[in-house]
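As C-alpha cells, the structure follows; a few thoughts come after it.
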C-alpha cells in the first residue's frame, strides 16, 4: 500500500516545525546551558558567535515555510513572512544593540541598567516572531 505524499502545505508545516524546533532548542537548551556551565567571558563569546546562525536559520526556515505554504495556506504563508521579518529585525537590529550595550555596561553602572532594560525588552520582542511562526505552523497543519 502506498503512503500518500503531503502537499505543499504539509511540506511547509514540516519546514515551519523544524524551524520552531531548532529555535526552541537553541533558546531553551543551548543558551542556558552555555551560560551556566562556562565562564561569563567564554559564554558571551560563544553565544555571540552562535546567535547570528540561529537567526539566519530561523529566517531561512520561515521564508521556506512561506514559499511552500503560499499556494495552499496563504494565512500560514503571511504569518511566516511576518515571522521572517521579525527574525531579520531581531538579528540585524536588536542583537547588535544588545552587544553594544553589553560592551558599554562593563565599565558604566548606568549602561548596565540600560542593558538590563534592553535585555527584558529583547526577550519580549524575540518572542513575537516565534509566536507568529507557531500560529503559521498550526494554520499549515490545518491545511495539509
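The values are calculated or read from the model by the stated rules, or taken from the named source; none is laboratory data. Because the structure is a prediction, the values reported are computed rather than measured. Note that each Cβ is placed from the backbone with ideal geometry, even for glycine, and that neighbours are counted across all protein chains shown.
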| Index of the failed condition, residue 72 passing every other in (1) assigned to a helix (DSSP H, G or I); (2) touching a residue at least 24 places away in the same chain (Cβ under 8 Å); (3) touching a helix residue (DSSP H, G or I) at 6+ places or on another chain (Cβ under 7 Å) | (1)
| Test: residue in segment 112-125 that is within 22 Å of residue 67 (Cα to Cα), surrounded by 12 or more Cβ atoms within 10 Å (Cβ to Cβ) and modelled with pLDDT of 85 or more | no
| Residue count for segment 1-23, restricted to those that are under 29 Å from residue 97 (Cα atoms) and either free of Cβ contacts under 8 Å to residues at least 12 places away in the same chain or more than 13 Å from the chain's Cα centre (by Cα) (or both) | 1
| remark: Those residues of segment 9-41 which are buried (at least 17 other Cβ atoms within 10 Å of the Cβ) and more than 28 Å from residue 141 (Cα to Cα) amount to 31
| request: All but one of (1) under 18 Å from residue 18 (Cα atoms); (2) not in a helix (DSSP H, G or I) hold for residue 135, so report the exception by its number. | output: (2)
